[in-house]
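Working notes, beginning with the structure itself.
The values are calculated or read from the model by the stated rules, or taken from the named source; none is laboratory data. These figures come from a predicted structure and were not determined experimentally. Ideal geometry is used to build each Cβ from the backbone, glycine not excepted, and the neighbour counts take in all protein chains shown.
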Amino acid sequence: MISNSRYWVLIILVVLVYITGMFVTLFENDSAQFAVMAMRMVQENDFLNLFKGTEEYLDKPHLHYWLAAFSYLLFGIEDWAYRIPGILALLLGAYSTYGLGNLLYDKRVGKVAALIFMTAQTIVLSAIDVRTDAVLTGFVILAIWQLALYANTGSIKSILLGGIAAGLAFSTKGQLAILIIGLALLSHLIYTRNWKALINWKVLLGLLTFAIAITPMLYAYYHQFDLHPEKVIRGKAERSGIFFIFWEQSFERLSGEGMGSNSSDYFFFFHTFLWVFLPWTVLGIMAYARKINSLFKLKFKWVQGQEMLTIGGITFFFLIASFSQFKLPHYLNSIIPLFAVLTATYIVNLKNEKTGRILLGVQYFVLSIIFIAAVLICFLVFEFDNLFALGLLLVFLLTIIYFCLKSEQYDKKIITLTVFGSLLLNATLNLHFYPNLLTYQAGSSMAKVVKEREVPVDNIYKLGDFHTWSFDFYNRKPLKITSYNAIRGKKDFWVYANDDQLRELKELDFDWDIQYTRAHYRITRLSLKFLNPSKRKKSLDKMHLVHIY
């Protein structure tokens, strides 16, 4: 196990990488969309109704937006303020992962598990591309830890905290939270045969605190939807918000009804895991296989030092989620703490020298891939012009070389080098790749033009209801929607348009005397054509801001 001083240096470096991502431009679609939804709450002083643009928003509960709005009230409407609640939730998640590892195994496992959780690629990404899953993950793992602690000790404090955490997780993303918490705890109870913990009056206290925690969210749903059955949401009238969040939400995602189907691939989460748990993926797979093997050898009999909470929660979630017709990579975020604990106990208890040597060789290979990716990003994909970032990346590289050459135990070397691999990759992304990539997000780029040229935001329109989240956020005001007929004959206003709309304006004899044009690319859907500088122009669209006179 690594020393305390090294451990805390690594933790601080990871947090610093998180901080470097706080000030990067918001990503479209989800981050910028959710930031605008929270911004509307503050600007209109309306914290009960959720809107996605001009449409009533039923899909997700309110807590994430309330936390972002509260951050705006404290710090102002800024991109970094929007990210603060998500990052704090991830830090809470790291501490809870430590607590769960310590509960199921020991402090050594807990400490390594927290480090693994914080450096898993999808978690680092969720600290910059903040969606509901950052807050969800923090409260889910807090609930699992505290409720497992109650099951083991009967602590009233733990079941109260667990009930509150589960309620807050439910208030963030609905039934997905309860599914993950329930699967992990049910696996724990089945393995330990501790049914007394479930059939106990203290459970009523946990249910009561859960009910109290979800009451604000339920009231908001009731106020927006149940009191207004005349509203038509996704083609249906008489929608009950409370019924939706308790029943319809997950079934719509499983069936694809309402949300639509985006993947019928039953192995989607299996191959997605290969990148979301980087640079720990191979170690995680090995830890999973070893745990499954040991449980079968024991015929699932309870043995001191063994547990089924992590492996059960992971396995059952994969089986159920794989049948959903609507899948996204960040659905895996909330089980990353379970994988972190599972992987940590595998590394900490690594005794076989041959296995240690093989795993170290695997991590050397992963490091080499990360190094090659960093070099390509810095010197091929986007031209490097940030000397501070270059200096920092060189420090990371030299540190990695030092620990590669340093003679020490395999577990220490694997932990240290893997964490530095994550630091190298994500420092490269946060300091160089994302800032350059986001210059191709036309909405945020055009918002800078609006500010620099002092274009009156109140006098800018868009043709149709296509979403302009980053443009809206950085202008601090959603664009007004208009139509060709509505603006015919009007003068002295601005239109934000794509190529087709600009061509239509010209064909309809609209004249403009000022035109600003910015390249546009859907930055969350990268392609090799875009990443290749020689072919990038062919993959770009354009957005235009014109002054009709």
Looking only at the range 75-114, and only at residues there that are under 13 Å from the mean Cα position of the chain (by Cα) and among the small types (Gly, Ala, Ser), the one that is surrounded by the fewest Cβ atoms within 10 Å (Cβ to Cβ): 89
Odd one out for residue 117, checked against (1) under 26 Å from residue 153 (Cβ atoms); (2) touching a Leu at 6+ places or on another chain (Cβ under 8 Å); (3) surrounded by 20 or more Cβ atoms within 10 Å (Cβ to Cβ): (2)
Subset of the range 434-462 [among the hydrophobic types (A, V, I, L, M, F, W, C) and buried (at least 23 other Cβ atoms within 10 Å of the Cβ)]: 442, 446, 447
In the range 474-488, the residues that are without any contact (Cβ under 8 Å) to a residue 12 or more places away in the chain and of a type in the set (S, T, N, Q): 485
Meets criteria (in contact with a Pro (Cβ under 8 Å, 6 or more places away or on another chain), more than 26 Å from residue 294 (Cβ to Cβ) and either outside any helix (DSSP H, G or I) or modelled with pLDDT of 90 or more (or both)) for residue 377: no
Residue count for the range 382-395, restricted to those that are at pLDDT below 80 and either within 17 Å of residue 419 (Cβ to Cβ) or of a type in the set (D, E, K, R) (or both): 3
Hey, residue 441 within 19 Å of residue 519 (Cβ to Cβ) and under 30 Å from the mean Cα position of the chain (by Cα) or not: yes
Residue satisfying all of: in the range 52-72; touching a helix residue (DSSP H, G or I) at 6+ places or on another chain (Cβ under 6 Å) and free of Cβ contacts under 8 Å to residues at least 60 places away in the same chain; surrounded by the fewest Cβ atoms within 10 Å (Cβ to Cβ) among these: 72
Options 199, 242: the member that is part of a loop (DSSP other than H, G, I, E, B) and surrounded by fewer than 18 Cβ atoms within 10 Å (Cβ to Cβ): 199
Output for the range 24-41, where each listed residue is within 20 Å of residue 443 (Cβ to Cβ) and free of Cβ contacts under 8 Å to residues at least 40 places away in the same chain: 37
Subset of the range 389-408 [part of a helix (DSSP H, G or I) and without any contact (Cβ under 8 Å) to a residue 12 or more places away in the chain]: 391, 394, 395, 398, 401, 402, 405
Residues that are of a type outside the set (Val, Ile, Thr), farther than 19 Å from residue 466 by Cβ and either assigned to a strand (DSSP E or B) or in contact with a helix residue (DSSP H, G or I) (Cβ under 8 Å, 6 or more places away or on another chain) (or both), drawn from the range 483-514: 492, 512, 513
The range 490-502 residues that are touching a residue at least 40 places away in the same chain (Cβ under 8 Å), paired with ones that are charged (D, E, K, R) (beta carbon under 8 Å, 6 or more apart): 495/462; 496/462; 497/462; 498/541; 498/542; 499/541; 499/542
Within the range 306-339, tally of residues that are closer than 23 Å to residue 296 by Cβ, assigned to a helix (DSSP H, G or I) and either within 21 Å of the chain's Cα centre (by Cα) or not aromatic (Phe, Trp, Tyr) (or both): 14
Given (1) modelled with pLDDT of 95 or more; (2) touching a helix residue (DSSP H, G or I) at 6+ places or on another chain (Cβ under 8 Å), index of the condition residue 76 fails: (2)
Sole exception among (1) out of contact with any helix residue (DSSP H, G or I) (no Cβ under 6 Å at 6 or more places or on another chain); (2) surrounded by 15 or more Cβ atoms within 10 Å (Cβ to Cβ); (3) part of a loop (DSSP other than H, G, I, E, B) for residue 478, by number: (1)
Contacts under 8 angstrom Cβ, first residue in the range 181-206 being within 15 Å of residue 165 (Cα to Cα) and outside the structural domain of residue 157 (by TED's automatic domain parsing), partner charged (D, E, K, R) and loosely packed, with under 14 Cβ neighbours inside 10 Å, 6 or more apart: none
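Go through 492, 465, 513 for me and flag whichever is within 34 Å of the chain's Cα centre (by Cα), farther than 30 Å from residue 377 by Cα, surrounded by fewer than 18 Cβ atoms within 10 Å (Cβ to Cβ) and not assigned by TED's automatic domain parsing to the domain that holds residue 25.
465
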Only one of 183, 176 that is part of a helix (DSSP H, G or I) and either modelled with pLDDT under 95 or more than 17 Å from residue 334 (Cα to Cα) (or both): 176
Segments classed as helices (runs of 4 or more DSSP H), wholly inside the range 1-118, with at least 3 members that are over 18 Å from residue 419 (Cα atoms): 30-44, 63-75, 79-104
Residue count, the range 444-473 (criterion: within 19 Å of residue 39 (Cα to Cα), free of Cβ contacts under 8 Å to residues at least 40 places away in the same chain and either out of contact with any Leu (no Cβ under 7 Å at 6 or more places or on another chain) or in a loop (DSSP other than H, G, I, E, B) (or both)): 7
